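This report refers to the structure that appears directly beneath it.
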Ligand code: SF4
């Protein structure tokens, strides 16, 4: 394995896809349907506990994992069993990936990380790990540990990059700048695990060109996968207040789908598109309501690409080629 998917690359176009979907990647890699089980490892976040900031990102309802209110979660084994019971009923899956999702899942001592990952992998139905974290929380000793696990199983490290623009990172109170993402990507290069990036579209003040700059940088980094969604608000966040006061405008579905199609066209064809829309439970969502229409978003995206006669990668240009174009 490498941080770029080469051996797993399949010609998704010949199968009728307009982009390389995660379920196809899993099907090819594991030979069957694989579902992720979201696991809470009891972490907090340096953007919540005051280490780099307080209050967290403007869109994040982080009360559940603020250190003062952090409640003890069920044992990992129980979370896995509950997750498998639910997913089996819905999808009839036999293999699962342990997804350490809420908060910052590398923000803790190495022995805690090792114990959590070992516990998850002790269940033979778990065929891999996905670890969600921030670019400023992946010191080399953590990457070494992730590498060690990647020698025996599939591991994807999810980095919340969101955007390459510092003004946007400041707006969201992210607590790290773009340089932190650049540095993290440099240090993950050549490792055994895969890297997946989280990207947000429709951030206040970002023009279409700024979002395409993020697309081109994402393409240049060439991670194994990318998770993309529009800016949306959940209850009990500063973003929800900003929307209520009219300070922030959210994109309409058509606008988002158009930009998403542009974004995908800039990415290389071998990059797995792990997500194309947000994922808020209906009871938590403030706006926009269309985030819940996942099927419509996907359908509109496919129709948009069909009308254009394009696919993921249609406008992808490796950095070297762009540099040559620029010099004429
Ligand atoms: S880095 Fe992640 S967990 Fe921390 S406040 Fe931001 S969104 Fe929430």
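The values are calculated or read from the model by the stated rules, or taken from the named source; none is laboratory data. Note that the coordinates shown come from a computational prediction; the quantities given were computed from them, not determined experimentally. Counting neighbours? That spans all protein chains shown, and the Cβs are built from the backbone with ideal geometry, glycine included.
Observations, loosely collected:
- Top-ranked residue of the stretch 26-66 - restricted to ones that are in a helix (DSSP H, G or I) and within 12 Å of the ligand (Cβ to nearest atom), ranked as modelled with the lowest pLDDT: 65
- Residue list for the stretch 169-196, restricted to those being in contact with a helix residue (DSSP H, G or I) (Cβ under 6 Å, 6 or more places away or on another chain), away from the ligand (no atom under 13 Å from the Cβ) and not in a helix (DSSP H, G or I): 177, 191, 192, 193, 195
- With respect to the conditions (1) without any contact (Cβ under 8 Å) to a residue 60 or more places away in the chain; (2) more than 13 Å from the ligand (Cβ to nearest atom), residue 230 falls short on a single one, namely (1).
- Leading residue by the ranking (nearest to the ligand (Cβ to nearest atom)) among those in the stretch 157-167 that are in contact with a helix residue (DSSP H, G or I) (Cβ under 8 Å, 6 or more places away or on another chain) and at negative phi: 160
- Against the numbered list (1) away from the ligand (no atom under 16 Å from the Cβ); (2) surrounded by 14 or more Cβ atoms within 10 Å (Cβ to Cβ); (3) more than 14 Å from residue 149 (Cβ to Cβ), residue 104 comes up short only at (1).
- The set of residues in the stretch 197-222 being in a helix (DSSP H, G or I), within 20 Å of residue 249 (Cβ to Cβ) and under 15 Å from the mean Cα position of the chain (by Cα) consists of 214 alone.
- Residue pairs meeting the criteria (Cβ under 6 Å; at least 6 apart or on separate chains; first on the phi < 0 side of the Ramachandran plot, in the stretch 80-96; second part of a loop (DSSP other than H, G, I, E, B) and at pLDDT 90 or above): 80/123; 93/33; 95/32; 96/125
- Unique match (being assigned to a loop (DSSP other than H, G, I, E, B), more than 20 Å from the chain's Cα centre (by Cα) and modelled with pLDDT of 95 or more) among 255, 247: 247
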